[in-house]
Amino acid sequence: MAKFLVQSSGPLNGEVLISGAKNAVLPLMAAAILPEENCTISDVPDLQDVTVMTEILTSLGAVIEKPAPHVLDIDMSDLRTNVAEYELVRKMRASFLVMGPLLARTGSAKVHMPGGCTIGARPIDLHLKGFKALGAEIIFKNDVSVEAIAPPEGLKGATVYLDFPSVGATENIMMAAVLAKGSTYIENAAEEPEIVDLANFLNKMGAKVKGAGTDTIKIDGVEKLHGAEHTVIPDRIEAGTYMLAAAITRGEILLRNVLPDHIKPITAKLRECGVTVELGDEGLYVVADRRELTSTDIKTLPYPGFPTDIQSPFMALLTTVTGSSTVIETVFENRFMHVAELNRMGANIKIEGNKAIVQGGKKLEGAQVIATDLRAGAALAIAGLVAEGTTEISQTYHIERGYDSFIEKMRGLGANILKIRD
Ligand code: EPZ
């Protein structure tokens, strides 16, 4: 098993190129199932999750080529099956995103139930509520796999209210609805930038999706879709992670390939702590040059609120600023697994339900810690940058499945981090 060794590093300096967004490219790849023609997706991040999605699409009959670095040609003209194999689906929850496009294209789909993970049960009830509203019959096969079958006359547009603005459910229902007869309205839809990116890609294929980025999305079904080309939006969570690495080391970095609108809540909170965040011609400057930063409070919410995926890296920063901060997690039911690990490094964090109270300011010490999910792993890596001694992080596969070239990018900024084989 690989481990990361992190040692205290001076203030980070230099520039980092942000990759295409993991949470955009996965639904975009699933959407390539819909047309019977080739789709080209550019600025694809080099991630294990992308490899898994490539394997799943290939198992369904896709011919996938990589004509250039970070470019995928996905040709699904010869769709062989609408059953996503257990062996592949169990590797990644986002595989469930093939359900909607398979149902739309072939009239039925069978996918293994995506498991929960350390941050929560990760149910799929809202995805299935949408498929049912469109007329599909849902059949559970002894709690292992779920099948959706459209009626003989095909799916029919409907109005679906999401009890929670679920990102995955919004994406899956949008993809299921693009070939349905009539109009579909998704109410209380997720508003994340990745939803807008998917809607733009679907519309390039000839779909009629309106309102993405708001809480109500209208999809007018069309007969057929054609191939399209699309470039993935930059990864706002990767950007936020490097912004925090600069802040925690009181450094000064430049981020290239960032859409400032997508990181507004992160920028606002870093400014509250006293970090300068400025947009320049070259990209986004984050400047915390040796400043005494102040504490602040964060509460995670669906977009445009503060992103849950930045909660743990931001908490790492808060352990290093004097004063008390509160962190409230409202999106996932168990996303404080990194607290015990940060406390092993000398942090002083108490949990009360979905609230963590951080008493910051004490110097962190290196320790042996475990990455419990990819964002917690990133949080521990940036905490290690300012801890006395060496921090040894295990289960780093979590980090590498979600951050393209994490070690190289961090070292490029002057971080003392390396990967060892245990
Ligand atoms: C997406 O997960 C992201 N993953 C997550 O990123 C991100 O944290 C999350 O959205 C929230 O922004 C991808 O896009 C691949 P949700 P998703 O459905 O779609 C409940 C990362 O670190 N819910 O919006 O699974 C659910 O239990 C990952 O990159 C239901 O109750 O998130 C959770 O509490 C982690 N029923 C809440 O909604 C459902 O049918 C948010 O889940 C679906 C979800």
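Bear in mind that the values in this text are calculations on the coordinates, not laboratory data. These numbers come from a predicted model, not from an experiment. As a convention, Cβ positions derive from the backbone with ideal geometry for all residues, glycine included, and neighbour counts pool all protein chains shown.
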- Message: Using only the alpha-carbon atoms, how far is helix 22-31 inclined from the longest principal axis of the chain? Give it as 0 to 90 degrees, nearest 10.
- Response: 10
- Item | the stretch 314-422: GluC sites (Glu not before Pro) in DSSP loop, at most 14 other beta carbons within 10 Å | GLU333
- Under a Cβ-Cβ cut-off of 10 Å, what is the net charge of the residues other than THR231 that fall near it, where Lys and Arg count +1 and Asp and Glu count -1? -3
- Item | Relative contact order (%) - the chain, alpha-carbon pairs under 8 angstrom, separation at least six | 21
- Task: Determine the shape class of the stretch 22-231: with a ≥ b ≥ c the square roots of the Cα gyration tensor eigenvalues, call it rounded for a/c under 1.5, and otherwise prolate if a/b is greater than b/c, oblate otherwise.
- Result: rounded
- How much net charge surrounds GLU329 when only other residues with a Cβ under 10 Å from its Cβ are counted (Lys, Arg +1; Asp, Glu -1)? +2
- Item | Pairwise centroid distance, computed over Cα atoms, of the stretch 346-422 with the stretch 130-153, Å | 41
- For the chain, just run the numbers: alpha carbon Rg, then divide by 2.2 N^0.38 Å, N being how many residues it has. 0.99
- Message: What distance in nm separates the two pseudo spin-label positions at THR106 and ASP163, each 7 Å out from Cα along the beta-carbon direction?
- Response: 3.0
- Message: Tell me the net charge near ARG375. Cut-off is 10 Å between Cβ atoms, ARG375 excluded, with +1 for each Lys or Arg and -1 for each Asp or Glu.
- Response: -1
- GluC sites (Glu not before Pro) within the stretch 136-218: which are DSSP loop residues with at most 13 other Cβ atoms inside 10 Å? GLU153
- Task: Quick one: go through the stretch 375-404 and flag any residue whose amide nitrogen is under 13 Å from the point 7 Å out along the Cα-to-Cβ line of LYS419.
- Result: 395-404
- Query: Measuring from centroid to centroid over Cα atoms, what is the spacing of the stretch 240-300 and the stretch 177-221 in Å?
  - Reply: 32
- By how many degrees, between 0 and 90 and to the nearest 10, does the Cα long axis of helix 374-384 differ from the longest principal axis of the chain? 10
- Item | the stretch 191-231: projected area of the alpha-carbon convex hull, averaged over directions, in nm² | 2.7
- With each pseudo-label sitting 7 Å past Cα toward Cβ, what's the MET337-LYS132 distance in nm, one decimal? 3.0
- Classified through the alpha carbon gyration tensor (a ≥ b ≥ c as square roots of its eigenvalues; rounded if a/c is under 1.5, else prolate when a/b is larger than b/c, else oblate), the stretch 111-236 comes out oblate
- With 0.36 nm assigned to each residue of separation and the Cα-Cα distance removed, LEU279 to THR51 gains 78.8 nm
